[in-house]
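A.B. asks: I'd like to ask you about the structure that follows.
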Amino acid sequence: MPLLLGLLLVLQAFPIDQNLPKDNPFESLNQTLDPPDDISNLLQNACYDCHSYQTQYPWYTRIQPIGWWIQHHVREGREGLNFSTFSQWNAVIQADILRHCAKMLKNEKMPLQSYLRMHPEAQLDARQQTRLLEWLNKQAEFLESGAVNLAAPHQQILPSDTCDNKNASLRCCFVQIPEDLNSVLVIAPPDEPGQRIKITGHFYARDGKTPYANVLIYAYQTDTSGRYTQRGDETGLLRWHGRLHAWARTDKTGRYEIQTIRPAAYPGRKNAAHIHMVVWEPGSGAEPYYIQDFLFADDPLLSAKEQQDVRNNTGRSPVLTMKADGQGLSVGRRDIILK
């Protein structure tokens, strides 16, 4: 027992940092959507401690390791959803966020039960839950309708923003997504040095048959030097992903197309050349995630397993067999089933 008490005393010498990050009030959900006072209060009580820069730390966070545990939850909460930076997303993504919140609330997965035990003010009664669900879904419909022009993403990201981190949430891949999306990702402009390639295919739902429309896609790659080179004005995750990147949305048949150059392998390393792709499924409530990289069947750096993928899964393998089209273009195909 004395040893345990001594250890606890030592832990108190390592308090958590309760200083709140600098935020921009014009980026908050309140500023963006201007919710009525009762909705604003419900969100404040039920969500903001873990999902904003307005965290109110209770007295017991000064006791370790309790404070460390709570700070970990706060950090994870902000990475998943931060109402203080809500306006960074375009209207489509904002709508998806609100629908995800409604789904979590309806299924009683949020607020967490462990949070409610210490914060009874966050407990929503049936009337409050219904009111909040109606508002979340109505706002999502409003954003999706295009009735207001909230779709223009912010181009200037604060240095302290959570996206200014190579390990930031994959939602950050979509901060600067353009308004006029179609199903074509033009990753490399026409004057980019390198072998021009075109990759086409379709996205399918989990049954492998149903075309998956409206999937948001983000892809990025190296140039012919094998590096993620920059223009110099990149912000957020693009500081690490470089200038060769693009966005798209699958069409009603699930089709997508990539127009780019063939990437080079990293200098001095044994990784095969590849194109990274992040997808975000519409209305699923799931977070964006990486799918298997696009690889090339004639790459000598392919592993034995990757070479086997070509033989076993023609047309749906992440390892592409590219063919010349007779006009200086190398073309390939990959159909993608989202798991």
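FYI, it's all coordinate maths here, none of it is from the lab. If you're wondering where the values come from, they're calculated on a predicted model, not measured in any experiment. FYI the Cβ positions are ideal-geometry reconstructions off the backbone, even for glycines, and counts take in every protein chain you see.
A.B. asks: Among LEU20, ASN41, LEU81, whose Cα projects farthest towards the positive end of the dipole of the chain, with charges put on the beta-carbon of Lys, Arg (+1) and Asp, Glu (-1)?
C.D. replies: LEU81
A.B. asks: Nearest 5 is fine: what % of DSSP beta bridges in segment 170-337 come out antiparallel, could you say?
C.D. replies: Among the beta bridges of segment 170-337, antiparallel pairing accounts for roughly 70 percent.
A.B. asks: In the structure shown, do any of LYS166/LYS252; LYS209/LYS270; LYS166/LYS270; LYS198/LYS252; LYS209/LYS252; LYS252/LYS305 have a Cα-Cα gap over 24 Å, and if so which?
C.D. replies: LYS166/LYS252; LYS209/LYS270; LYS252/LYS305
A.B. asks: Additional query: Counting Lys and Arg as +1 and Asp and Glu as -1, each charge on the Cβ, what is the dipole of the chain about the Cα centre in debye, to the nearest 20? Numbers along the way, then the final one.
C.D. replies: Values: 35 positive and 37 negative charges, 222 e Å.
Once rounded to the nearest 20, the dipole reads 1060 debye.
A.B. asks: Using a Gaussian network model of the chain with C-alpha springs under 10 Å, which one of ALA122, ALA324, ALA91 is most mobile by mean-square fluctuation?
C.D. replies: Its mean-square fluctuation being the largest, the pick is ALA324.
A.B. asks: Grab the beta carbon distance between ASP191 and HIS73, set R0 = 56 Å, and tell me the FRET efficiency rounded to 0.05.
C.D. replies: So, using R0 = 56 Å, E works out to roughly 0.70.
A.B. asks: Considering the values [x] 16.6; [y] 35.1; [z] 22.4, which represents mean projected area of the Cα convex hull in nm² as calculated for the structure under consideration?
C.D. replies: [z]
A.B. asks: Quick one: if the Förster radius is 35 Å, what FRET efficiency do LYS270 and ASP233 give, using the C-beta to C-beta distance and rounding to 0.05?
C.D. replies: The value I calculate is 0.60.
A.B. asks: In straight Cα distance, which aspartates and glutamates are under 19 Å from LYS22, not counting same-chain residues fewer than 8 positions off?
C.D. replies: Reachable aspartates and glutamates: ASP49, GLU76, GLU79, ASP161, ASP164.
A.B. asks: Full-extension gain between LEU329 and ASP125, please, as 0.36 nm times their residue separation minus the C-alpha to C-alpha distance.
C.D. replies: Working: separation 204, 0.36 × 204 = 73.44 nm, distance 6.14 nm.
Extending this stretch completely gives an extra 67.3 nm.
A.B. asks: Tell me the Kirkwood hydrodynamic radius of segment 170-337 in angstroms, computed as one over the mean inverse distance between distinct C-alpha pairs. Walk me through the intermediate numbers first.
C.D. replies: Values: mean 1/r = 0.0610 Å⁻¹.
Taking the inverse mean of 1/r over all distinct Cα pairs, segment 170-337 comes out at 16.4 Å.
A.B. asks: If each DSSP helix of 4+ residues adds -39,500 (n - 2.57) and the sum is divided by the residues in the chain, what number results at 222 nm, nearest 500 deg cm²/dmol?
C.D. replies: Counting only the DSSP helices, I get -8500 deg cm²/dmol.
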